[in-house]
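K.L.:
Please see the structure below; I have some questions.
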Amino acid sequence: MTTPQTQFDQVYTSPNQYVQGRDLIDRADRYVSPFGSVPYIICDETVWKIAGEKLFNTLKDADMDVSRAEFRGEASIQEIERLVADAKEKKADVVVAVGGGKASDTGRAVASLSKIPVAVFPTAVSADAPTARASVLYTEDGAFDQYMFYPKNPEIVCVDTRIIAGAPVRTTRSGIGDALATAIEARAVHAAGANRMDDTARPTIAGMVLAEACEKVLFDYGEQALADNKAGIPSVALANICEANTLLSGLGFENGGLAAAHAIHNGFTALEGDIHHCTHGEKVSFACVVQLVLQGTPQKELEKYLDFMERLELPTTMADIHLDKVSDEDLMKVAVASCDPSETMKQMQGTITPDDVFEAIKAADVAARTFRAQRDKQ
């Protein structure tokens, strides 16, 4: 019989290693080989052409018995179970997840259920999933399903900055939108005296410091990094944003906590329509504005974030994420879903109701549209 947890200790978790550099895939064997000799690469067809095949050949040339499985695009229980069975049949002893957030979430789940190590190779810095000991799972139709938590973080995360420099600028921008939530949410969790996102422990000072560092790097280097990404240059600014979007944001959210922004993002899955053409980070970006309004952020501070987001062309209004034509009834569905007891809305200070969220979504849109109109006049 398990005793209910009444005492929450402060806990800090992280991957064993984080490695970042230009042309890292050419040296991948030195980082994968300590964890196994039968790597199982998970990536989709697009990523295979961008980085997967090159990584496969690097490992094969190092005399590793490497195999590859095609990721079918959705981080669902069904896809994970299919790949677990395939990895077992191929006698894999290390999973190598290559691609975006959903490939990373899937690869980490496959490794955990197979009880073997995992190495994560992001091909875009579009989300902070790679470092976490949790995955966001979806239904096969793309609706939010659940968080899956693991006993440990990935063994290693490897970011090839030349690959990132060649990725679409939208992916890097989306990662900045996701990373922007890190400090905003961690501060809210800290103010509420709430728990980490897995609800098993309290955040640490280290988690808060990393979250704050993440935000500083975004503000200092975000604009230049996007310009360099557009030009295909693996610059220092872009490398700094790679670290912020992946490592600092990943450790910051896991050890600092999630709050309203990600709960509202998950609430968006209650809707159908064009909003699902937006990326995770684009939806989180708007949800950041909603959280700032929900918690009564002073005008000057709110405008600091809106100015940054406008300069980087991040979504700040309902129209930006295709919600301007959504009915009040549908908006209330988002609000209700975001306040589900299983959601991280409970990490906010006080009691947040669906009515509070509904009004905050509308007020955030007004604030952002007003700011944009004033900015356009200047």
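K.L.:
Restricting to segment 163-179, name every residue that is over 13 Å from Ile241 (Cα atoms) and either polar (S, T, N, Q) or assigned to a helix (DSSP H, G or I) (or both).
P.N.:
Ile163, Arg170
K.L.:
Can you pull out the residues in segment 268-318 that are among the hydroxyl-bearing types (Ser, Thr, Tyr) and either assigned by TED's automatic domain parsing to the domain that holds Leu137 or more than 22 Å from Ser126 (Cβ to Cβ) (or both)?
P.N.:
The answer is Thr297, and nothing else.
K.L.:
Taking segment 82-123 as the search range and keeping residues that are under 14 Å from Phe71 (Cα atoms) and without any contact (Cβ under 8 Å) to a residue 12 or more places away in the chain, which one is farthest from the chain's Cα centre (by Cα)?
P.N.:
Taking the candidates together, the pick is Ala85.
To keep it simple, each residue is scored yes or no on (1) of a type in the set (Asp, Glu); (2) assigned to a helix (DSSP H, G or I).
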position: Val284; (1), (2): no, yes
position: Ala287; (1), (2): no, yes
position: Val290; (1), (2): no, yes
position: Leu302; (1), (2): no, yes
position: Tyr305; (1), (2): no, yes
position: Glu313; (1), (2): yes, no
position: Thr317; (1), (2): no, no
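K.L.:
Under the condition of being part of a helix (DSSP H, G or I) and at pLDDT below 95, which residue from segment 362-378 is farthest from Asp328 (Cα to Cα)?
P.N.:
The extreme case among them is Lys377.
K.L.:
Something else: What pairs come up if the first residue lies in segment 12-29 and is more than 16 Å from Pro130 (Cα to Cα) and not assigned by TED's automatic domain parsing to the domain that holds Thr123, the second is of a type in the set (S, T, N, Q) and buried (at least 20 other Cβ atoms within 10 Å of the Cβ), and their beta carbons are under 8 Å apart, counting only those six or more places apart or on different chains?
P.N.:
Taking only residues 6 or more apart or on different chains, the pairs are Tyr12/Asn255.
K.L.:
Kindly indicate the residue of segment 82-126 that is closer than 19 Å to Cys242 by Cα and polar (S, T, N, Q) and also surrounded by the fewest Cβ atoms within 10 Å (Cβ to Cβ) among those meeting that condition.
P.N.:
Among residues in segment 82-126 that are closer than 19 Å to Cys242 by Cα and polar (S, T, N, Q), the one surrounded by the fewest Cβ atoms within 10 Å (Cβ to Cβ) is Thr123.
K.L.:
Let me ask another. Could we say that Ala129 is assigned by TED's automatic domain parsing to the domain that holds Ala337, crowded, with 24+ Cβ neighbours inside 10 Å and within 18 Å of the chain's Cα centre (by Cα) here?
P.N.:
no
K.L.:
Would you pick out the residues in segment 132-156 that are among the acidic types (Asp, Glu), surrounded by fewer than 21 Cβ atoms within 10 Å (Cβ to Cβ) and either touching a Pro at 6+ places or on another chain (Cβ under 6 Å) or free of Cβ contacts under 8 Å to residues at least 40 places away in the same chain (or both)?
P.N.:
Asp141
K.L.:
What are the residues in segment 45-75 that are under 24 Å from the mean Cα position of the chain (by Cα), on the phi < 0 side of the Ramachandran plot and surrounded by fewer than 21 Cβ atoms within 10 Å (Cβ to Cβ), if any?
P.N.:
Glu45, Thr46, Trp48, Lys49, Ile50, Ala69, Glu70, Arg72, Glu74
K.L.:
Among the residues of segment 302-335 satisfying the criterion of being under 21 Å from Ala192 (Cβ atoms) and not aromatic (Phe, Trp, Tyr), which is surrounded by the most Cβ atoms within 10 Å (Cβ to Cβ)?
P.N.:
Restricting to residues being under 21 Å from Ala192 (Cβ atoms) and not aromatic (Phe, Trp, Tyr), the top hit is Ala335.
The values are calculated or read from the model by the stated rules, or taken from the named source; none is laboratory data. Small disclaimer: the values here were computed from a predicted structure and weren't measured. Here the Cβ is made from the backbone with ideal geometry for all residues, glycine too, and neighbour counts use every protein chain on show.
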